[in-house]
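Derivation of every value follows stated rules applied to the coordinates shown; laboratory data play no part. Remember, predicted model here, so these are calculated numbers, not experimental data. Every residue, glycine among them, receives a Cβ derived from its backbone with ideal geometry; neighbour counts consider all protein chains shown.
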Amino acid sequence: MTKEELLAKVKTSRPSVTVVGLGGAGCNITTWIADKKLTGGKIIAANTDAAHLSTMTRADTIMLLGEKLCKGHGCGGFPERGTEAAKENLAEIKEGLRDTNLLFLVAGLGGGSGTGAIPVFAGVGRELGALTIACVTIPFTIEMARREKAREAIRSLAGTCDSIVVIDNSKLREVAGNLPLKDALAVANALVGAFVKNITDTITQPSLVNLDYADLRAVMERGGISSIGIGEGDGATRVEKAVAQALSTPLLDITDVSTAYGVLIHIVGGEDMTLEEVAVAGEQIMDKVPNTKRVIWGAKVDPDIAGRVRVMAVLTGVTCPFISGEVKQKEPPQIPKEVVKPLREAMEHMVRAQEELPRETISKAAVFSKEK
Ligand SMILES: Nc1nc2c(ncn2[C@@H]2O[C@H](COP(=O)(O)OP(=O)(O)OP(=O)(O)O)[C@@H](O)[C@H]2O)c(=O)[nH]1
Ligand SMILES: [Mg+2]
């Protein structure tokens, strides 16, 4: 085979990646990804809310769901309406997802549009045989009824999606410190966005340690509930620190980290990061998650973060007491008072003015540590 033939082969064998943002939160997250430029995949933003789509959303394709049913006004928190709305666009959805073999479905669960539409998109993904990964947030503890809806949605998605990566907004607040709600939501957007972008970039672009589609499939296929952890470190033991943080502070309360079925590790470091360090990170993770059946990792160099490494760990096949119903919801008091009252207001404000957080704020919040 000539080099040209080989290059042509690489091009055609590249997975076709589609990222779909659903509902207000989902579209905010995919807009974050679009602004950061997703080189290896296309982005579809789908919502029943015409105003949000036309003013707040950036994507390759914009899809107004359920025009007849919702008349461009959203679903008012009713997931059944979101499902009916998406069904109205079924032909368009099938066309939009044609040839996709890696599908990310992104939504903030608890409202009407995202929660209701996500199973419809997941069903199409399944029909196509695409590796379908839902990336969802569950609402704050204070949004009691919405949390219940989110739990139901996750349980039903378990039948259609390969993996459901879940971030608990309440947990995020707990680990990100006392950020104002608007900033906490922006951090959630950046986290989910970075997860999708990191994976897409690593399997579609050349990187220091390549992850390919088959690797990803091995870990995420029928992976069930998955949790993400993030860590960052500097100095001589930067990899050790970053890995320990990522594994000790998952953004969803899970029963036992060590029982995870699969682990996906993504490491980003400056140009001074060595392969040796990357290998050490892999070994450390194997030690901490001894029962795991599959570990895959990818690494990328980012000249902007010289001297530091950033680790994102995805643990698949975990059990979460909230989703399985083993624990009753805690009463809201642990949520600071200042969050309770302006919650709805702040969210609306967030949607209106989704300005980018300063870089330092995000990285500070993303450095989670249990150490005092
Ligand atoms: N991460 C993140 N979560 C958000 C954001 N806005 C809202 N949420 C969360 O997502 C849940 C669903 O909200 P939306 O996405 O606005 O709801 P929707 O899917 O558009 O549904 P309807 O507006 O009822 O049609 C809320 O209960 C919040 O917990 C956001 O910008 N980012
Ligand atoms: Mg909405």
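For region 88-110, give me each residue that is in contact with a helix residue (DSSP H, G or I) (Cβ under 7 Å, 6 or more places away or on another chain) and either over 25 Å from GLY41 (Cβ atoms) or acidic (Asp, Glu) (or both). Scanning region 88-110 gives GLU88, GLY110.
Scanning region 39-69 for residues that are within 14 Å of GLY114 (Cα to Cα) and in contact with a Ser or Thr (Cβ under 6 Å, 6 or more places away or on another chain), we see that the one that is surrounded by the most Cβ atoms within 10 Å (Cβ to Cβ) is THR48. Scanning region 277-312 for residues that are touching a Leu at 6+ places or on another chain (Cβ under 7 Å), charged (D, E, K, R) and crowded, with 19+ Cβ neighbours inside 10 Å returns a single hit, LYS300. Could you tell me how many of the residues in region 43-54 are out of contact with any Leu (no Cβ under 8 Å at 6 or more places or on another chain) and within 14 Å of ligand 1 (Cβ to nearest atom)? Residues meeting the conditions: 3. Reported count of residues in region 95-115, each being aromatic (Phe, Trp, Tyr) and in a loop (DSSP other than H, G, I, E, B), is 0. Residues that are more than 18 Å from ASP49 (Cβ to Cβ), under 15 Å from the mean Cα position of the chain (by Cα) and not aromatic (Phe, Trp, Tyr): does region 97-111 have at least one? Scanning region 97-111 turns up at least one residue that is more than 18 Å from ASP49 (Cβ to Cβ), under 15 Å from the mean Cα position of the chain (by Cα) and not aromatic (Phe, Trp, Tyr). Going through region 61-78 one residue at a time, which ones are out of contact with any Leu (no Cβ under 9 Å at 6 or more places or on another chain) and either among the charged types (D, E, K, R) or under 20 Å from PHE104 (Cβ atoms) (or both)? Matches in region 61-78: THR61, GLU67, LYS68, LYS71. In region 305-327, the residues that are within 17 Å of LYS197 (Cα to Cα) form Cβ pairs under 9 Å with partners that are assigned to a strand (DSSP E or B) and of a type in the set (S, T, N, Q), at six or more places apart or across chains, as follows: ALA313/SER227; VAL314/SER163; VAL314/SER226; VAL314/SER227. Checking each residue in region 25-35 for being touching a residue at least 60 places away in the same chain (Cβ under 8 Å), within 10 Å of ligand 2 (Cβ to nearest atom) and either surrounded by fewer than 24 Cβ atoms within 10 Å (Cβ to Cβ) or closer than 9 Å to ALA46 by Cα (or both) picks out only GLY26.
Let's see how each residue does on (1) within 11 Å of ligand 1 (Cβ to nearest atom); (2) touching an Asp or Glu at 6+ places or on another chain (Cβ under 8 Å); (3) over 21 Å from LEU191 (Cβ atoms); (4) in a helix (DSSP H, G or I):
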| position | (1), (2), (3), (4) |
| --- | --- |
| MET1 | no, no, yes, no |
| LEU7 | no, no, yes, yes |
| VAL19 | no, no, no, no |
| ILE62 | no, no, yes, no |
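For GLU80, the conditions (1) within 16 Å of ligand 1 (Cβ to nearest atom); (2) under 29 Å from ASP215 (Cβ atoms) all hold with the exception of (2).
Return the residues of region 244-285 that are touching a Lys or Arg at 6+ places or on another chain (Cβ under 7 Å), assigned to a loop (DSSP other than H, G, I, E, B) and not aliphatic (A, V, I, L, M); say none if nothing qualifies. Once the filter is applied, which keeps residues that are touching a Lys or Arg at 6+ places or on another chain (Cβ under 7 Å), assigned to a loop (DSSP other than H, G, I, E, B) and not aliphatic (A, V, I, L, M), region 244-285 yields THR249, ASP253, TYR261, GLY270. Select from region 64-80 the residues that are within 11 Å of ligand 2 (Cβ to nearest atom) and outside any loop (DSSP other than H, G, I, E, B) and write down the one among them that is nearest to GLY125 (Cα to Cα). Only one residue fits best here, namely CYS70.
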